[in-house]
Amino acid sequence: MPDSPSSLMQEQQLKAKKQQKIAEKVRTGEYFREARMMYDFTINDPMSERYIYVFITFCAAVILMIAVIAMNNLYPLQSAVPLTYITHDIVEDIPKVKGLQTYKNENPSEALLRFLVKNYVILREEYDIATFDRDVNGVKSQSSEGAFKDFQQFIDPHNPESPIKVYQRHSKRKITVLSMRRTSDGMEILFEALIDSRTDVKKSHWRVNMSFQYSGIELDPKTDTVKPMSFVVTDYTSKRLQDIK
């Protein structure tokens, strides 16, 4: 049903009023202010907020980085103390890494065995009251129960030949291994003992016969790594050969 003439007239009057209102706003400049406000609301404000968010994110990242650096600087809680080592002979006194093999292509397992045997003899035969406990623990860790029991009986202060009773605090006994030879049941070692009593120095030659259980150096074919090595002394006897004047 078509609109009546009265409704068409009212609609035209409304459009005319709107046009007059727009024309008035254009004349007064209010139209342009509203357009600028709308542009700011739809374009400028979101861009400004985006820049603000980017700036806040950057500040937060900087603060986080500073906090992480500060936390890392707090640990460890105990400060590392440098070790001062005083030496008069840098070449001789500073520890050095030295190969165990005495000749090229030597079996590494045999070279290691020779080192272990030599070290065991030194731990067992040397005497210094300052390192006595350490040496006893070293002998214990590489001896069978029976071998260590014999050693305990030997160093017992009630034994007249015990180094504790003989040397006490006034003397030291130093050992120099002269030679080592494999035997059918173990190894034979010849060494020189030097006793320094501050007033006199005595030297003597000794022979040690040692039996042991040694696993050697083996690679695990599954993991391609070295299997755990074991070295246990099962029997140990020493004999004085001669005194050196």
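The values are calculated or read from the model by the stated rules, or taken from the named source; none is laboratory data. Just so we're clear, the structure is a prediction, and the values are computed from it rather than from any experiment. Glycine also receives a Cβ, built like all others from the backbone with ideal geometry; neighbour counts cover every protein chain displayed.
Given the conditions (1) under 27 Å from LYS172 (Cα atoms); (2) more than 27 Å from the chain's Cα centre (by Cα); (3) among the aromatic types (Phe, Trp, Tyr), which single one is not true for PHE115?
Exception for PHE115: condition (2).
Does the range 121-149 hold any residues that are loosely packed, with under 14 Cβ neighbours inside 10 Å and in contact (Cβ under 8 Å) with a residue 60 or more places away in the chain, and which are they?
GLY146
Could you tell me which residue of the range 188-241 is farthest from ALA111 (Cα to Cα), considering only residues that are of a type in the set (S, T, N, Q) and touching a Ser or Thr at 6+ places or on another chain (Cβ under 7 Å)?
Per the criteria, the residue is SER197.
Taking the range 208-231, which residues are surrounded by 15 or more Cβ atoms within 10 Å (Cβ to Cβ) and either on the phi > 0 side of the Ramachandran plot or modelled with pLDDT of 90 or more (or both)?
Those that are surrounded by 15 or more Cβ atoms within 10 Å (Cβ to Cβ) and either on the phi > 0 side of the Ramachandran plot or modelled with pLDDT of 90 or more (or both): VAL208, ASN209, MET210, SER211, PHE212, TYR214, PHE231.
Got a number for residues in the range 177-200 being surrounded by fewer than 13 Cβ atoms within 10 Å (Cβ to Cβ) and either outside the structural domain of LEU116 (by TED's automatic domain parsing) or not in a loop (DSSP other than H, G, I, E, B) (or both)?
5
If you scan the range 219-244, which residues turn out to be outside any strand (DSSP E or B) and without any contact (Cβ under 8 Å) to a residue 24 or more places away in the chain?
Result: PRO221, LYS222, THR223, ASP224, LYS227, PRO228, SER230.
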